[in-house]
Structures are given as C-alpha cells and as structure tokens.
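I have placed the structure first, in the form of structure tokens, so that the comments after it can refer back to it.
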Amino acid sequence: MTAILTHRPDQPFDLDRTLDCGQAFRWVKADGWWQGVVGGRAIRIRQEGDRLIYSGADEAFIRDYFRLDQDLPAILASIDRDPTIADAIRRCYGLRVVRQPPWECLVSYICATNTNIPAVKRRISLLSERYGSAIGGASWAAHTFPEPERLAALCHADLRDCRLGYRTDYVSSAAVFAAEHPGWAEQIAALPYEDARREMMRLRGVGPKAADCTLLFAFGFFEAFPVDVWIRRIVAEAYMPELRGRTCTPAEYDRIRLFARDYFGEYAGYAQEYLYCARPGPFPCG
C-alpha cells in the first residue's frame, strides 16, 4: 500500500538528486520508482512535485531518513559564499544529506576506497544478497544488510567472493569490532567531531575519507568535509590554487578539510555534497 507525503513548499527537496549523487549505495531507479533497503525496510518512492509517493515505511521514517524537517534554505544560505558554491547550489537545489544506518554506512565507505560508485554498489549488493535476510512482502528481491555478527563469522574467502579484494581484511576486522562492541555507534555519536573522527580512524581500513563520510552521512556531523579526487580538484581550482598539481597527502587532506570547515562553517558537509553533485564527472546531478 502506498502513502503520500506532501512536503512544505518552502523546504525544497529533490529526490533524484538526493539518491543519485553517490552518498548512499542501496538505491536503484526502475520504472520511475526508486527502490532501496534502509534499516531493514524495503522502500519504494517517487516524487511528483511537492508530493512523495512511497511504500515500505511510515511517514516518520521517511521524514527522518531524508531529513525533511531540516531547514535546507537556511543551511544553503550559510554556505553560499562565492560563485562556485552558488552555481553548485543552483544546479543541485533540493539535495539533502540522508541519515544512513551507521553499520552499513561504515562498511560501505570501507568498500568505497580507491574505486567507483558502481563497484561499491555491487559489493554492498552481494554482501546483502548472500548474508543478509530476505525481506518478506517486498516487490523485488530485497535483502537486509548483514549484521556485524554474521560477517564476523565468515571466513575471508567468503567475504572475498563479494569482490572486496584487499578490503576483505578491513570489513572482517570492522565486523569483529562491531560485534564485540554493540554500543559503538552510540559512543561515536556522543563524541565531539574531532574525537569521533580519531576513534573511527582506529579501525583498520578506515582512513580520513571513510571516517568523514561515515560521520557525515550516518552520524550527522555536518562539519565533516570528505575529500576525494573530485573535491580536491574543485578546491584546488576554486579556493586553494597552491594545491594544483600536487598529490593528496594526509597533510594536504587535513589542510583542505580544515579550510572548508572554517570557510563554509558548521554545514561544510553540505557544501562538499553540493560541490560533488555538480562536478563534471560521472553521475552528475545537474
């Protein structure tokens, strides 16, 4: 059974840009509908103007996941500092940072190191199909993302068959950690951003970008500013020309993220997502 949510006209939301800009990996668009699995729910959703038509979750969950009660115009006004970000806002207007389940988000960004979005989607899909649980009543073959205990019990060969490559050890290690520390997400959420970031990077295979992505997309640390090759190029071109032609060392990564937090403010993560969305590469949103 489908339901309809009408969002406020003064609070913009663009479903396509939000789900097609690379922040989450379980969504696929088919026959005009986005379908995906979030927190054990098999959701189908599409947008018609200011109406969201959906099934598989209640209104409170949809509002929470898409952060529809966040004051997006105020956020965008706070980061609108120059022509580069202003153009990104214009092109990707209505994009919202979703609220992802922490465990799945962590593994997703471990799997996202040194690769592309289609490859990450394949890895997460294989992990879910093989080691998650089928969701009854779904109109497609939907599976939950496997719990840490399930992945921790697997041998490395089984994980490697999900095309994880060298990331196999990292996913296994994270699963063992999360299984042994069931309150890890709550502990991370209670920390200040820099402390949370240091704790995330104690995990094997979680470097600066994976930590910042997880903190931004799962924990709502909006000051996080993940830096990948696209963001580095944009920042070097528009804001820090002294970085042009240089490799992205850990020290340079820190320079970029600290600059962005000072320049864009507490919602630097939104600036990152809009700049990434508007990039002239694959999967552009505008």
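Since every read-out is calculated from the coordinates, none of them should be taken as a lab result. All figures in this text were calculated on a predicted structure; none of them were measured in a lab. With ideal geometry, Cβ positions are generated from the backbone for all residues, glycine too; neighbour counts draw on all protein chains shown.
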Seminar exercise, completed: the range 3-70: relative contact order from alpha carbon pairs under 8 Å, six or more residues apart, as a whole percent, is 33
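Translational diffusion coefficient, Stokes-Einstein: compute it for the range 102-217 using the Kirkwood radius over C-alpha pairs as Rh, at 37 °C and 0.692 mPa s, and state it as an integer in µm² s⁻¹.
226
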Problem set entry | Scattering curve values for the chain, log₁₀ I(q)/I(0), Debye with Cα scatterers, q = 0.12, 0.15, 0.17 Å⁻¹ | -0.77, -1.23, -1.53
Problem set entry | Counted charge near LEU243, where neighbours are those whose Cβ lies closer than 11 Å (Asp, Glu -1; Lys, Arg +1) | +2
Seminar exercise, completed: Per the 1/(1 + (r/R0)^6) rule, R0 = 41 Å and r from the Cβ atoms of ASP16 and ASP169, FRET efficiency to 0.05 is 0.70
Exercise. Any idea what the relative contact order of the chain is, in percent, if you count C-alpha pairs under 8 Å spaced at least 6 apart?
Worked result: 21
Seminar exercise, completed: Here the net charge surrounding TYR170, from other residues whose Cβ is less than 13 Å away from its Cβ (Lys, Arg +1; Asp, Glu -1), is +4
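Can you compute the helix-only [θ] at 222 nm over the chain? Use -39500 (n - 2.57) per DSSP H run of at least 4 residues, normalise by all residues, nearest 500 deg cm²/dmol. Could you put the intermediate results ahead of the total?
Numbers: 15 runs with 137 residues, N = 286.
Roughly -13500 deg cm²/dmol at 222 nm, from the helical runs in the chain.
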Problem set entry | Enclosed volume per residue, in Å³, of the convex hull spanned by Cα atoms of the range 3-70 | 87
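Contour minus end-to-end for VAL229 and ILE53, with contour as 0.36 nm per residue of separation and end-to-end as the Cα-Cα distance?
Here the segment from VAL229 to ILE53 would lengthen by 59.8 nm.
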